[in-house]
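This report refers to the structure that appears directly beneath it.
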Amino acid sequence: MRIREKAFAAAALAIVPVLAFGAQAAEATRAPAGTLANGTAVEAITLKADNGMSAVILSYGATLQKLLAPDRDGRVADVLLGYDGLSDYVDHPNYFGVTVGRYANRIGGGKFSLDGKSYQLPQNDGDNSLHGGGEGFDKAAWTVVSAKSGPKAEVILGHTSRDGDAGYPGTLSATVTYSLDEAGNLGIAFEARTDKPTIVNMTNHAIFNLAGEGAPQGAMDHLLTIPAGHYTPVDGKLIPTGERRPVAGTVFDFRAPRRIADGLRDGTDQQIVSGRGYDHNFALDAGLTAKPKLAARLADPASGRVLEVFSTEPGIQFYSGNFLDGTLVGKAGHLYRMGDGIALEPQKFPDAPNHPDFVPARVDPAKPYRHVMIYRLSTAR
């Protein structure tokens, strides 16, 4: 699909401010970001706080395009891998910062059953269906429902997925709410309602380098903590076997801060071989919760930046950028290679619809879907 980037010809259209309330309020602004081939206009919404943090969200894919944060010395950098313009997100998709759904992660064989009926999804990852099957929420032009400033700068985006889209049952009305406050919290709330039983698993696919995207040292010297005593090992197709394996005594033990590079090339662990590094779901000790709890902590000793990920979901997928192979040119002309960033994706377990003992991903008309996550950025000396 081709798009044409629109010039910001009219100054009146370049930025649409949303008025703030009070000196400490965070600000939301809207600007045109381009037009899709079918004529749909795409917006870029910037959320900005007085503490130096800001986030840019594209309505295409409900994408977190930029996340700027200061280091321990106050130097601000974008900590997300991605692209500078809309055209690359359309023409060279790689899930950078997008909202993934209806089902994030993999479903084995692209098949699942619900109430005795079998469903076949597109197979876009070998035999598997991955992140919605190739034409998921990341490829949708979301509608900007509202944007406002205040104690939190906030934007709400909406999308309707019709019954049968990509093989999924039920018409699903989904929203994603991004909010930024002065404490350094970027909240992301996913909500969805359906008119008949279906499965839903939404998350954000941001790929982080706390040293700054494109930093030549990559992200493998970051220190990672995940409060999980078990992870779900995978088969050769990266589908969970159903086992919950203890992390103790393995390179998957991140219960205390661990340098990512230390286990990344351990060819004696077949799980590292299968994933070409880390590409695994961790079963969080807290499980499914009503309020967001700590799911991961990532720290860059060089810059002092610290990212804490909070979520209500029972698992988190840790992906060490194994399939970044130097073929993608990202922001500022940076060539992204293996290890240049990592993803920490809170979610239901991969292939949960085919594992009755996993937390179910089923959503019914009377029980809407909701997942609340937070990216909290701070600095440490």
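Where a number appears in this text, it was derived from the coordinates with a stated rule and is not lab data. Keep in mind that what you see is a predicted model, and the values were worked out from it rather than measured. Heads up, the Cβs are rebuilt from the backbone with ideal geometry, glycines too, and the neighbour counts pull from every protein chain shown.
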* To do: Would you kindly calculate the translational diffusion coefficient of the stretch 11-379, applying Stokes-Einstein with the Kirkwood radius from alpha carbon pairs, for 4 °C and a viscosity of 1.567 mPa s, and quote it in µm² s⁻¹ without decimals?
  => 63 µm²/s
* Determine the gain in length on full extension of the stretch residue 332-residue 171; use 0.36 nm per residue of separation and subtract their C-alpha separation, reporting nm with one decimal. => 54.0 nm
* Structure fact -> When the chain is treated as a Gaussian network with springs between alpha carbons less than 10 Å apart, the largest mean-square fluctuation among 67, 298, 114 is found at 114
* Structure fact -> What helix-only [θ] at 222 nm does the chain give? Using -39500 (n - 2.57) per DSSP H run of at least 4, over all residues, to the nearest 500, the answer is -1000 deg cm²/dmol
* Using θ = phi - 60° and Karplus 6.51 cos²θ - 1.76 cosθ + 1.60, couplings along the stretch 27-42 (whole Hz; Gly, Pro as x) -> 10, 10, 10, 10, 8, x, 10, x, 9, 6, 4, 8, x, 6, 7, 10
* In debye, nearest 20, what is the charge dipole magnitude of the chain about its Cα centre with +1 on Lys and Arg Cβ and -1 on Asp and Glu Cβ, if you could check? => 460 debye
* Just rank 163, 181, 88, fewest to most, by other beta-carbon atoms within 10 angstrom. => 163, 88, 181
* Tell me, what is the percent relative contact order of the stretch 183-295, built from C-alpha pairs under 8 Å that lie six or more residues apart? -> 25 percent
* Reachable lysines from residue 348, Cα under 19 Å, same-chain residues fewer than 8 places away excluded? -> 111, 237, 291, 293, 367
* Structure fact -> Proxy exposure order for 175, 250, 312, 160 (fewest C-beta within 10 Å first) is 160, 250, 175, 312
* For residue 92 and residue 31, what does the FRET efficiency come to when R0 = 30 Å and r is the distance between their Cβ atoms, rounded to the nearest 0.05? -> 0.85
* Asked: How long is the gain from residue 255 to residue 274 if the chain were fully straight, where each residue apart is worth 0.36 nm and the alpha carbon distance is subtracted?
  -> 4.6 nm
* Asked: Going by how many other beta carbons lie within 10 Å of each one, how would you line up 92, 371, 131, 159, fewest first?
  -> 92, 159, 371, 131
* Asked: Taking +1 at the Cβ of each Lys and Arg and -1 at the Cβ of each Asp and Glu, which of 82, 227, 159 sits farthest along the dipole of the chain towards its positive end, judged by Cα position relative to the Cα centre?
  -> 159
* Using label points projected 7 Å from each Cα along Cα→Cβ, tell me how many nm separate residue 291 and residue 113, to one decimal. => 4.1 nm
* **Full-stretch length increase - residue 370, residue 135 - with 0.36 nm per residue and alpha-carbon distance subtracted** => 82.4 nm
* What shape does the stretch 82-223 take by its C-alpha gyration tensor, where a ≥ b ≥ c are the square roots of the eigenvalues and a/c under 1.5 counts as rounded, a/b above b/c as prolate, and the rest as oblate? -> oblate
* Between residue 38 and residue 359, what is the label-to-label distance in nm when each label sits 7 Å out along the Cα-to-Cβ direction? -> 3.3 nm
* **Residue of 187, 275, 164 that the Gaussian network model of the chain assigns the largest fluctuation, springs spanning Cα pairs under 10 Å** => 164
* Which whole-angstrom value gives the distance between the alpha carbon centres of the stretch 265-302 and the stretch 55-104? -> 21 Å
* Structure fact -> For residue 139, counting only aspartates and glutamates whose alpha-carbon sits under 20 Å away and dropping same-chain residues fewer than eight positions off, the answer is 5, 43, 84, 88, 91, 125, 163, 165, 191, 345
